[in-house]
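Scroll down for the structure; my scribbles are underneath it.
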Amino acid sequence: MKVLAPTKFFLLRGNHETRQIQKLFTFEKDCNEKYGNRGHFVLDTINAVFDSLPFAAIVDEQIFCAHGGIPSSMSKVDLLCRFPNVIANPQKDAPAVWEILWADPIEAGELKNIGNFARKGGNEEAGFYNNTRRGTGYFFTEAATNNFLTVNGFSYIIRAHEMINAGYKFNHNGKVITIFSCSHYLGGGNKAAAIMVEAFSSEGFIKILQLDTP
């Protein structure tokens, strides 16, 4: 789709578009098995693209889009724009980007169940807690969402990062929308979803499209 419509189709970087995760899972192994002694060249070439992918996007000056969520270390989007266009190691070179790739929203009821361990090292006052589900990054609460939206003049956060059976999910009174666009993930029965934004800046709307592909 990016090749067919390069000025209309935009790709955002996800948490698997990093070398650490490719080693942990199977992408590096797959490249070496499929391409033999050219495997490392293929992997390096693909990662050169991943390193250049934007890690967030803003739609109609109102909707913040990212793979995981919002960062704990930077509340203003303007500060995020100071990072270089190429980031090979976000965990080391751009911690706020790493947080964006790994963040998950959490509700007040869920927060009660994660224990005191998640509170160590986070920023409880700002609404961020250690992400015990991922082992890295942070959970962000409704308070963190409200602050981020207010500071930047946004209305919604759209993100991915989680398999959702219905393909979509609302958090924080509908201000955070999770979209999962792969149905029957790993052979399961989940549906997929996409979002259509209709001229949001001029009193438009957000529409959820639920999909079930073969």
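The values are calculated or read from the model by the stated rules, or taken from the named source; none is laboratory data. Here the structure is a predicted model, which means the values were calculated and not measured. With ideal geometry, Cβ positions are generated from the backbone for all residues, glycine too; neighbour counts draw on all protein chains shown. Side chains included, ligands, DNA and RNA excluded: accessible areas come from the protein's heavy atoms. Shrake-Rupley method; radii C 1.70, N 1.55, O 1.52, S 1.80 Å.
Considering the chain as a Gaussian network with a 10 Å cut-off on Cα pairs, which listed residue, Ile21, Ile70, Ile179, attains the greatest mean-square fluctuation?
Of Ile21, Ile70, Ile179, the most mobile in the Gaussian network model is Ile21.
Considering the convex hull of the alpha carbon atoms of the chain, report its projected area averaged over all viewing directions, in nm², one decimal.
Over every viewing direction, the Cα hull of the chain projects on average to 13.4 nm².
Scan the chain and report its longest stretch carrying no trypsin sites (Lys or Arg not before Pro) that are both in a DSSP loop and have at most 16 other Cβ atoms within 10 Å.
Between exposed loop sites, the widest span is 135-214.
When the chain is treated as a GNM, springs tying every alpha-carbon pair under 10 Å, which of His40, His161, His172 comes out with the largest mean-square fluctuation?
Of His40, His161, His172, the Gaussian network model singles out His40 as fluctuating most.
Quote the relative contact order of the chain in percent (integer), defining contacts as alpha-carbon pairs under 8 Å separated by 6+ residues.
It comes to 16 percent, rounded to a whole number.
What fraction of the DSSP beta bridges in segment 59-214 is antiparallel, stated in percent and rounded to the nearest 5?
65
Ignoring any ligand, DNA or RNA, what whole percent of the accessible area of the chain comes from carbon and sulfur when the probe is 1.4 angstrom?
Numbers: 6740 of 12200 Å².
Ligands and nucleic acids excluded, carbon and sulfur give 55 percent.
Report, in deg cm²/dmol and to the nearest 500, the calculated mean residue ellipticity at 222 nm for the chain, where each DSSP H run with n ≥ 4 adds -39500 (n - 2.57) and the sum is divided by the residue count.
Dividing the helical sum by the residues of the chain leaves -7500 deg cm²/dmol.
Just how much of Met163 is accessible, in Å², when a 1.4 Å probe is used and the result is rounded to the nearest 10?
90
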